[in-house]
Amino acid sequence: MDNAPLVIDVAGINKRFGDKHVVKDLALQVREGEIFGFLGPNGSGKTTSIRMLCGLLTPDSGRGTCLGLDVLTESAAIKRQVGYMTQRFSLWDDLTIAENLDFVARMFGMKDRSTVVDKALDDLGLSGRRKQLAGTLSGGWKQRLSLAACLLHHPKLLLLDEPTAGVDPKARRDFWEEIHHLSAAGITVLVSTHYMDEAERCHRLAYIAYGTLMASGTAVEVVTGQHLHTWEITGTGLQGMGEALRALPGVDLVASFGATLHVSGKDRDALEATLKSRLRDTPLKMTAVPPSLEDAFIYLMQGSQDQFQG
Amino acid sequence: MNGFSGFSFSRWIGILLKEFIQLKRDRLTFGMIIGIPIMQLMLFGFAINSDPKHLPTAVVMADPGPFARAYVAAMRNSDYFKIVGSVNEREANDLLERSKVQFVVTFPPGFNRDLVRGKPPVLLVEADATDPMATGGAISVLNHLGIDVFAQDMPGLNRPSAPPFELRVHRRYNPEGITAYNVVPGLLGVILTMTMVLMTGLAMTRERERGTFENLLATPATPVEVMTGKIVPYILIGLIQVTLVLLAARWVFNVPMYGNLLLLYGVVLLFICANLTLGITFSSIARNQLQAMQMTFFFFLPSMLLSGFMFPFRGMPEWAQVVGNVLPLTHFLVLVRGIMLKGNGVNMLWDQVWPILLFMGVVLALGLKTFRRTLD
Ligand SMILES: Nc1ncnc2c1ncn2[C@@H]1O[C@H](COP(=O)(O)OP(=O)(O)OP(=O)(O)O)[C@@H](O)[C@H]1O
Ligand SMILES: [Mg+2]
């Protein structure tokens, strides 16, 4: 996959809303057939970046191509080959399921619309409810319908903006199965998400915070790139320990995972010494573990906060 | 930005159909389309129809006589007038000026003599026409009373078809003397301005507010397809409204129609298009439905007040006339009154048509310029 052609290749992309600099010098490279995860805290500029990729927003500066077409000048042609699923449900509530699909098919100038729509309804398992108003569907079904709508015109690139927000675990699992099928069929997928398990299902990731790209690569690359050393602390009497540890020397990050605590730091020896002395008289046990993707992301998020508040 | 490149008829039909379906399902909007004309017709029509009663009237009796006395008595009995007293000419003028009376009825010197000689004398009526609704019916009542009184006085003769005098009416303060005939055609323009601008204004901002606009923009649909596709359904709606008002004008308010109906519809179509263009332009400037609504009213008020619908156009101060001349409604009123009431033909319309066309052209250019192809 590393030598597959680049479907998205942009660099130096900037976007301001008024005096708010929302995306800063963004550079992204996504290869054909890849599932590319786009992560970052709320308001970090994910949606804005995706909109710029499919021509809904014009970048203030920057250059690059999407499907080999210039993102600045050829957005009309890009739109024809991209399936964009918006973060918010954006099909028409007051049209029926079938009418929505038919409208989208018309907009993309598809021939033989009724066959296309019927097939999409069959695949969705919604044939029996084709006359139901889209606004009355449950969240999970809305999301599936949206995906079906943006696949109608057989796009080469899918841009999915938090497609699984508010969807139950089973539906999420099915959704990701589908995405992997599409990817296997050669469709490139760029998907933004807040879920760690979803991030781990992506071939490659990018992490953006306050408009700045903080890290990118495979999940393993992103984790090792932070050069963290992590200890897992377990046992009874964990309450309050997190707060107590946070300010100690060598501790860069404390994250609790249910009944365990992950304590990480860049300076392995300092961290180990701190932990040993702090935990000596307690029943708590500490084990060195490889840092998880979540540790890495929380560390990145903290770092960006310090950077932008300082 | 060339909005016309790559126009697809099929996409355009798609947008049009979608708008129709949504309109069909939107009960509130649909209700407004039928409700606004009916409500306005009721409000204004009611005001036209309700004959005012007991209008204060002063009598100047320069030549008292049996006929004049009988006539004043009949006026007093008619419910329509309230005789406040007999006064001299100067007092009468004063009363009228200070809005103490609505009418002054003057029996000039020599009234009786002329009447007896069979030479119809002049009965002078001065009306305070600042409220034309009030004066509208008075004239016909005065004529009728004349016939009645004459028939009673001379029971032997056949009932005359005209009163034995010449009624001379001076409409004071409002020389145009707007009456019911003027109001209903005007209502046509007011209703269209109101609903056409508002409907289209909302149609586009609704998409933006619900987030569906983002989806529409992500498709290859072009600005011209979207704009015109959204306009056409409302042209039909406008024509339905016009037909409603015209039917009411004919059968409820008995407004005559002297001109060509087809010509009238042609003029109406032009006016509808001008308003729709404005609505679409508003909606590409407004961020949400509330703003579109506010812009509509910002336009609607001067249209209502400065177009000659509310106040006689020639009676307005110069600056107001300048503003009024920009508004399509001003010219539309002249056109409709001309066609309906004066039977004007196609060759007499150009003076009013070009200002509407100009307005439309400027607004359309503005609209295409501000239409956002992106979400910026
Ligand atoms: N049209 C706009 N005008 C002004 N500011 C905007 C606009 N769109 C987005 N922003 C701002 O840009 C920033 C980034 O927004 P964006 O929606 O791209 O974030 P996000 O990463 O998608 O967040 P989330 O995870 O909550 O969806 C936010 O601070 C937002 O308020
Ligand atoms: Mg977002």
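The values are calculated or read from the model by the stated rules, or taken from the named source; none is laboratory data. Keep in mind that this is a model prediction, so the values were computed, not measured. Here the Cβ positions follow ideal geometry from the backbone for every residue, glycine too, while neighbour counts run over all protein chains shown. Heads up: the accessible areas ignore ligands, DNA and RNA and are worked out on the full protein's heavy atoms, side chains in. Shrake-Rupley method; radii C 1.70, N 1.55, O 1.52, S 1.80 Å.
Listed values, structure above:
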| quantity | calculated |
| --- | --- |
| Carbon/sulfur fraction of accessible area - chain B, other protein chains in place, 1.4 Å, % | 63 |
| The protein assembly as shown: projected area of the alpha-carbon convex hull, averaged over directions, in nm² | 44.6 |
| Net charge of neighbours whose Cβ lies under 15 Å from the Cβ of residue B:255, counting Lys and Arg as +1 and Asp and Glu as -1 | +3 |
| Bridge type composition, chain A - antiparallel percent by DSSP, nearest 5 | 70 |
| Exposed trypsin sites (Lys or Arg not before Pro) absent - longest run of chain B, DSSP non-H/G/I/E/B, at most 15 other C-beta within 10 Å | B:118-286 |
| Environment charge at residue B:98 (Cβ cut-off 12 Å; Lys +1, Arg +1, Asp -1, Glu -1) | -3 |
| All lysines inside 26 Å of residue A:111 as judged from Cα atoms, apart from same-chain residues fewer than 8 positions distant | A:79, A:119, A:131, A:142, A:156, B:18, B:230 |
| Whichever lysines have a C-alpha closer than 28 Å to that of residue B:82, once near sequence neighbours (fewer than 8 apart) are set aside | B:53, B:100 |
| Segment residue B:143-residue B:209, length gained on full extension (0.36 nm per residue, minus Cα span) | 17.7 nm |
| Cα centre as origin, Lys/Arg/Asp/Glu Cβ charges: the protein assembly as shown dipole, Debye | 1520 |
| Whole-percent carbon and sulfur share, accessible surface of chain A, 1.4 Å | 50 |
| Helical mean residue ellipticity (222 nm; -39500 (n - 2.57) per DSSP H run of 4+; nearest 500) of chain B | -21500 deg cm²/dmol |
| Occluded residues from the range B:8-43, i.e. those whose accessible area drops by 50 Å² or more once the chain is not alone (1.4 Å probe) | B:11, B:18, B:22, B:25 |
| Residue-averaged beta-carbon neighbours from other chains (10 angstrom radius) around A:95-104 | 3 |
| Chain-alone versus full-assembly comparison, the range B:205-221, residues with accessible loss of at least 10 Å² (1.4 Å probe) | B:209, B:210, B:211, B:212, B:214, B:215, B:216, B:217, B:218, B:219, B:220 |
| Contact order normalised by residue count of the range A:211-310, Cα under 8 Å, 6+ apart, percent | 34 |
| Radius of gyration and maximum dimension Dmax of chain A, Cα, Å | 22.4, 75 |
| Solvent-accessible surface ranking, highest first, for B:42, B:360 at 1.4 angstrom | B:42, B:360 |
| Solvent-accessible surface (1.4 angstrom probe) belonging to residue B:30, in square angstrom, nearest 10 | 110 |
| Charge context of residue A:105, other residues only, Cβ under 10 angstrom, K/R +1, D/E -1 | +1 |
| The range A:160-212: relative contact order in percent, alpha carbon pairs under 8 Å with at least 6 residues between | 44 |
| Accessible-area value, residue B:357, 1.4 Å probe, nucleic acids and ligands omitted, Å² | 80 |
| Percent RCO, i.e. relative contact order, over chain B, from Cα pairs under 8 Å lying at least 6 residues apart | 18 |
| Accessible area, probe 1.4 Å, largest first, for residues A:229, A:154 | A:154, A:229 |
| Calculated FRET value between residue B:73 and residue B:97, using beta carbons and R₀ = 22 Å, to 0.05 | 0.20 |
| Using a Förster distance of 25 Å, the FRET efficiency for residue A:194-residue A:21 (Cβ separation, nearest 0.05) | 0.65 |
| Nearest-10 value in Å² for the accessible area of residue B:97, using the 1.4 Å probe | 110 |
| DSSP-loop trypsin sites (Lys or Arg not before Pro) across the range A:61-121, with at most 15 other Cβ within 10 angstrom | A:88, A:111 |
| Accessible area expressed per residue, the protein assembly as shown, with surrounding protein chains retained (probe 1.4 Å, Å²) | 46 |
| Shape category assigned to the range B:179-370 from the gyration tensor of Cα positions, a/c cut at 1.5 | prolate |
| P(r) tail fraction, the range A:227-290 - alpha-carbon pairs more than 17 Å apart, % | 26 |
